[in-house]
Amino acid sequence: MQRRSFLRNTGLTIASLALLNKESLAAFLNDPTWNIKMLTDDIGIFTEKGGTIAFYLSKEGAVVVDAQFPDTAPHLIDELKKKSEKPFHLLINTHHHGDHTAGNIAFKDLVPHVLAHANSKTNQQNVAVKQKTEDKQLYPDLTYTDTWCEKAGKEEICLYYYGAGHTDGDSIVHFKKADIVHMGDLVFNRRHPYIDKSAGASIDNWIKLLDKTTSTFSKKTQYICGHAGDGYDIQLKTDDLKAFRDYLGNVLKFTDGEIKAGKTKEEILKATEIPGSPEWKGSGIERPLTAAYTELTGK
Ligand SMILES: [Zn+2]
Ligand SMILES: [Zn+2]
């Protein structure tokens, strides 16, 4: 439990902490900044900073989906070492963004393979060359283009590529037996998304991709996403994916209407809400509007 939620859940004030016995006070002060939640006996999620990490503790070793940052990935690595003495089996990247791959480097010499979509690897390399951070990268050594599946322990893990969305290299990662899907950044739950046009993102195909996802998987499938708005969960149901699909549709529809009404890009970016999707609040509305403007006008 994190410190803040500890205080909230127990109703403790700072003053009342002084009344705690030595053991509880020590436990409180050592409370980590990260959070691990098990979804099944052997599949869990790790959250601290950046995109949600999923992990599966198989008898062949741990499979990890995404790696956050170089300063947070070691926290996950230490926690997994406590849970299992097996070596790491595979690291998967849902896409190339730094809040999902910068921590890859912490797995160097620990994991035999890093897997991602071929475009994700290219994007990671392009960004690292541009930012001169190549020495800080651990690139995928395994790539795929359409579908990739492998048995690990009692699970079968499949990666699916449904075309461009958040970038042009996003994988949908399915733990088939548990029926848990990591969507990476293909869903921003009630939070304005980053839409990476510099890496081939497409709002139009993102909508189709989400339709394909909800029709491919079952109503009982549990989803995980990279990011959620304040007070919203990173664990999702089918209806949350549909709400995000509708949000993307509303972004395009709103921007298109504004362009047709003769508004300039600057005027459009002044919007404070996407009509039809009031749950998407907070900062960052200019990001989807800018991407939609580019997609609709080519500018
Ligand atoms: Zn992210
Ligand atoms: Zn991302």
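Quick look at the values:
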| item | result |
| --- | --- |
| Counted residues, region 93-119 - those being away from ligand 1 (no atom under 16 Å from the Cβ), among the hydrophobic types (A, V, I, L, M, F, W, C) and open to solvent by 10 Å² or more (accessible area, probe 1.4 Å) | 5 |
| Pairs where the first residue, in region 34-53, is more than 14 Å from ligand 1 (Cβ to nearest atom) and the second is in a loop (DSSP other than H, G, I, E, B) and of a type in the set (D, E, K, R), C-beta under 6 Å, 6+ apart | TRP34/GLU48 |
| Criterion (open to solvent by 30 Å² or more (accessible area, probe 1.4 Å) and within 16 Å of ASP196 (Cα to Cα)) met by exactly one of LYS151, LYS130 | LYS130 |
| Wholly enclosed helices (runs of 4 or more DSSP H) of region 66-150 bearing at least 2 residues more than 16 Å from ligand 2 (Cβ to nearest atom) and in contact with a helix residue (DSSP H, G or I) (Cβ under 9 Å, 6 or more places away or on another chain) | 73-83 |
| Filter result for SER283 (open to solvent by less than 30 Å² (accessible area, probe 1.4 Å) and either among the hydroxyl-bearing types (Ser, Thr, Tyr) or over 23 Å from HIS95 (Cα atoms) (or both)) | no |
| Elements of type strands (runs of 3 or more DSSP E) contained in region 154-207, each with 1 or more residues being open to solvent by 10 Å² or more (accessible area, probe 1.4 Å) and not acidic (Asp, Glu) | 155-160, 172-175 |
| Hits in region 208-237 (condition: open to solvent by less than 10 Å² (accessible area, probe 1.4 Å), away from ligand 1 (no atom under 15 Å from the Cβ) and of a type in the set (Val, Ile, Thr)) | THR213, THR221 |
| Unique match (being at pLDDT 95 or above, over 16 Å from SER171 (Cα atoms) and open to solvent by less than 30 Å² (accessible area, probe 1.4 Å)) among LEU57, LEU90, LEU76 | LEU76 |
| Hits in region 185-205 - residues which are under 15 Å from the mean Cα position of the chain (by Cα) and closer than 21 Å to GLU279 by Cβ | ASP185, LEU186, VAL187, PHE188, ASN189, ARG190, ARG191, HIS192, PRO193, TYR194, ILE195 |
| Members of region 139-169 found to be within 16 Å of ligand 1 (Cβ to nearest atom) and either at positive phi or out of contact with any Ser or Thr (no Cβ under 6 Å at 6 or more places or on another chain) (or both), listed by number | GLY165, HIS166, THR167, ASP168 |
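The values are calculated or read from the model by the stated rules, or taken from the named source; none is laboratory data. Being a predicted model, the structure only gives us computed values, none of them experimental. Virtual Cβ from ideal backbone geometry, glycine too; neighbours counted across all protein chains shown. The accessibility values were calculated without ligands, DNA or RNA, using every heavy atom of the protein model including side chains. Shrake-Rupley method; radii C 1.70, N 1.55, O 1.52, S 1.80 Å.
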